[in-house]
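Asks: Questions regarding the structure given below will be posed in turn.
The values are calculated or read from the model by the stated rules, or taken from the named source; none is laboratory data. Everything quoted here is computed from the prediction, not taken from an experiment. Heads up, the Cβs are rebuilt from the backbone with ideal geometry, glycines too, and the neighbour counts pull from every protein chain shown. What goes into the accessible areas is simple: the full protein's heavy atoms, side chains included, and nothing from ligands, DNA or RNA. Shrake-Rupley method; radii C 1.70, N 1.55, O 1.52, S 1.80 Å.
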Amino acid sequence: MRSVEEHQRRVAELIRPPRPVPFQLAQVLGRVLAEDVIAPIPLPTFDNSAMDGYAVRAEDFARASAERPVVLPVAADIPAGSPANVPLAPQSVHRIMTGACVPPGADAILPFESTDRGAEHVRAHAPTSLGAHIRRAGEDLAAGGLALRAGVRLRAPHIGLFAALGLASVPVFAPVRVLILSTGSELVAPGSPLGPGQIYESNAPMLAAAVEEVGGFAHQLRFVSDDVAQLRARIDQALAELSDVDLILTSGGVSAGEYEVVKQAFEGGEAEFVHVAMQPGKPQGCGRYRAADGTTVPLVALPGNPVSAQVSFEVFLRDPLIAAMDGGRPPRPKLRAPLAEPVLRSPSGKRQFLRGVLAEDRASVSPFGPPGSHFLRSMALSNCLVDIPADVTSLPAGAEVAVWDLA
Ligand SMILES: Nc1nc2c(c(=O)[nH]1)N[C@H]1C(S)=C(S)[C@@H](COP(=O)(O)OP(=O)(O)OC[C@H]3O[C@@H](n4cnc5c(N)ncnc54)[C@H](O)[C@@H]3O)O[C@H]1N2
Ligand code: MOO
């Protein structure tokens, strides 16, 4: 049997390296910036007013007070968005709104609160000082300056910064595009009525969510017949329609059954189907799929039991997918914690990934639910995997174990 570590290596080798692509701002949240962004314009873009009031020469109002107010004519009105190309003549003021361009000749803003808010003439009862309430062009970021360094995972404020710089798109690491294939005539899409012997399909929605949770794009493809030629034709068609598929991800059809259409469709060529020394998740496949046009696409085939498929995604795919997006999401924290309850049985020679509940203070971990790989609800209610080494067959309460924090 192949070790978990060896299969992890084989799968990781199949996943492409990070690739920068320009993305529209609406699509970059949570993605990693692939190149430094240099400011094409300064921020603020021009000298502008921080207050509603009057653009003035400070010296004209240096001695204004309640007892000796200064009165000057209002020569122009500058709402935000107007060019303010009329210079300010001495012994006059321009009425100005917050964000509006400071006219040539003005060197201070007199806020409305220091005045009678006059429209023709203004009466100021307080002074202002040189530069007061003027936001200077480039004081936040000069044109040509570094706006943001490559490698940052983008949050809302970064997107605001790019937009303020006039950038409609920025280079990010491209999402990994995954074609998720589910097969099996017992599977019915959620929302449709169930026939006898049928179950709702849960692996593809779960895998699509897991791919998207790390920043990838998932496209689900359902196929129900047992005909291998038809399956290959359907995959070829999907690959042609969806350009740039980085990975075909399947679940089910990889074990010892009579109708293993996935295995039959991929085996023999450039994919291998092996047993990995782990539980759950023993039957696994990986390699490349060769389409009818000769191109090849990486392929990972996970076992069909729902818990096996989820655990397999965590063990083999999550970290390589994150690496392919250069850290699109943080990897799962791995820690050690003492067992709150004993592990009575673990299969000899197989690494076991038990579902667990890690205490809020992370001071202990309890195995949660039975080990069978159809206990979907136990998986959903757990918040970690308890990683029992292959050579361990039982553990007492208090023994330290490795824990994969899934929360
Ligand atoms: N004779 C043997 N039988 C089995 C072995 C074995 O070694 N010898 N291994 C068992 C183990 S372990 C696993 S894991 C499964 C793996 O089986 P497959 O990957 O071939 O998966 P299927 O047979 O197609 O399905 C297994 C199980 O999972 C359900 N399933 C499959 N796909 C989905 C889906 N998309 N959504 C929800 N549920 C799904 C399916 O109905 C079956 O119940 O094989 C054991 N058998
Ligand atoms: O390996 Mo299967 O994944 O034990 O249920």
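Asks: Rounded to the nearest 0.05, what FRET efficiency do His121 and Ala142 have when you use their Cβ-Cβ distance and R0 = 41 Å?
Replies: Details: r = 39 Å, r/R0 = 0.95.
According to the calculation, E is roughly 0.60.
Asks: Around Ala106, which amide H atoms from residues at least 5 apart in sequence, or from another chain, sit under 5 Å from its own amide H, with H modelled in the peptide plane?
Replies: Residues meeting the amide H criterion: Leu88.
Asks: Find out how many positive minus negative residues lie around Pro111, taking Lys and Arg as positive, Asp and Glu as negative, among other residues whose Cβ is under 13 Å from that of Pro111.
Replies: -1
Asks: Of all the C-alpha pairs in the stretch 132-178, what % are more than 12 Å from each other?
Replies: Cα-Cα pairs of the stretch 132-178 separated by over 12 Å account for 72 percent.
Asks: Here is a further query. Could you tell me how many degrees, from 0 to 90 and to the nearest 10, lie between the Cα long axis of helix 228-241 and the main elongation axis, the longest principal axis, of the Cα atoms of the chain?
Replies: In the chain, helix 228-241 runs at an angle near 10 degrees to the longest axis.
Asks: Where nothing but the Cβ of Lys and Arg (+1) and of Asp and Glu (-1) is charged, how large is the charge dipole of the chain around its Cα centre, in debye to the nearest 20? The partial results should precede the final answer.
Replies: Working: 36 positive and 43 negative charges, 90 e Å.
Using Cβ point charges on Lys, Arg, Asp and Glu, the chain gives about 440 debye.
Asks: Right, here's the next one. Sorting Ile109, Ile159, Ile199 by accessible area (1.4 Å probe), largest first, what list results?
Replies: Largest to smallest exposure gives the sequence Ile199, Ile159, Ile109.
Asks: Here is a further query. Report the equivalent ellipsoid semi-axes for the stretch 136-220 in whole Å, largest first, defined as the square roots of five times the eigenvalues of the gyration tensor built from alpha carbon atoms.
Replies: Values for the stretch 136-220, descending: 46, 12, 9 Å.
Asks: Roughly how many percent of the accessible protein surface of the chain is carbon and sulfur, given a 1.4 Å probe and a whole-percent answer?
Replies: Carbon plus sulfur share of accessible area: 54 percent.
Asks: Enter the accessible area of Glu59 (Å², nearest 10), with the probe set to 1.4 Å and all protein chains included.
Replies: 140
Asks: Then there's this: Quick one: among Asp244, Asp60, Asp236, which has the greatest mean-square fluctuation in a GNM of the chain with alpha-carbon springs under 10 angstrom?
Replies: Asp60
Asks: Once you treat every alpha carbon in the stretch 335-405 as an equal point and sum by Debye, what is log10 I(q)/I(0) at q = 0.13 Å⁻¹?
Replies: With no solvent term, the Cα-only Debye profile gives -0.31.
Asks: Taking R0 as 30 Å, what's the FRET efficiency between His219 and Asp405 from their Cβ-Cβ distance, rounded to 0.05?
Replies: The pair His219/Asp405 has a calculated efficiency of 0.55.
Asks: Moving on to the next point. Name the lysines eligible as straight-distance cross-link partners of Lys282: C-alpha to C-alpha under 17 Å, and not fewer than 8 places from it in the same chain.
Replies: Filter leaves Lys263, Lys350.
Asks: Using the basic label-point model (7 angstrom from Cα toward the beta carbon), what is the Glu35 to Glu212 distance in nanometres?
Replies: 3.0
Asks: Need one number: convex hull volume per residue for the stretch 48-135, Cα atoms only, in Å³. Before the final figure, lay out each step's value.
Replies: Details: hull volume 6.0 nm³, N = 88.
Cα convex hull per residue, to the nearest whole number: 68 Å³.
Asks: Moving to a separate point now. Between helix 203-213 and the chain, what is the angle of the helix's C-alpha long axis to the longest principal axis, kept within 0 to 90° and rounded to the nearest 10?
Replies: 30
Asks: Further question on the same structure: Spin-label point model (7 Å from Cα, Cβ direction): what's the Val71 to Leu242 distance in nm?
Replies: Each label point lies 7 Å from its Cα, and together they span 7.6 nm.
Asks: Just for the Cα atoms in the stretch 182-244, what are the lengths along the principal axes, largest first, rounded to whole Å?
Replies: 39, 31, 14
Asks: Any idea what the relative contact order of the stretch 214-350 is, in percent, if you count C-alpha pairs under 8 Å spaced at least 6 apart?
Replies: Value for the stretch 214-350: 23 percent.
Asks: Tally the DSSP beta bridges in the stretch 335-405 and give the antiparallel ones as a percent, rounded to 5.
Replies: Of the beta bridges lying entirely in the stretch 335-405, close to 95 percent run antiparallel.
Asks: First obtain the Kirkwood hydrodynamic radius of the stretch 1-59 from its Cα pairs, then insert it into the Stokes-Einstein equation at 4 °C and 1.567 mPa s, and state the resulting D in µm² per second as a whole number.
Replies: Working: Rh = 17.8 Å.
Value of D from the Cα-based Kirkwood radius: 73 µm²/s.
Asks: Where does each of Phe368, Phe173, Phe162 land when they are ordered by accessible area, with a 1.4 Å probe and the largest first?
Replies: So, going from the largest accessible area down, we get Phe368, Phe173, Phe162.
Asks: A further question on this structure: Can you pull the one-decimal nm distance between simple spin-label points at Ala233 and Ser394, each 7 Å off the Cα toward Cβ?
Replies: 5.7
Asks: Rank these residues by their accessible area, most exposed first, probe 1.4 Å: Leu376, Leu154, Leu29.
Replies: Leu29, Leu376, Leu154
Asks: Just the ratio, please: alpha-carbon radius of gyration of the chain over 2.2 N^0.38 Å, N its number of residues.
Replies: Against the empirical 2.2 N^0.38 Å value, I get 1.48 for the chain.
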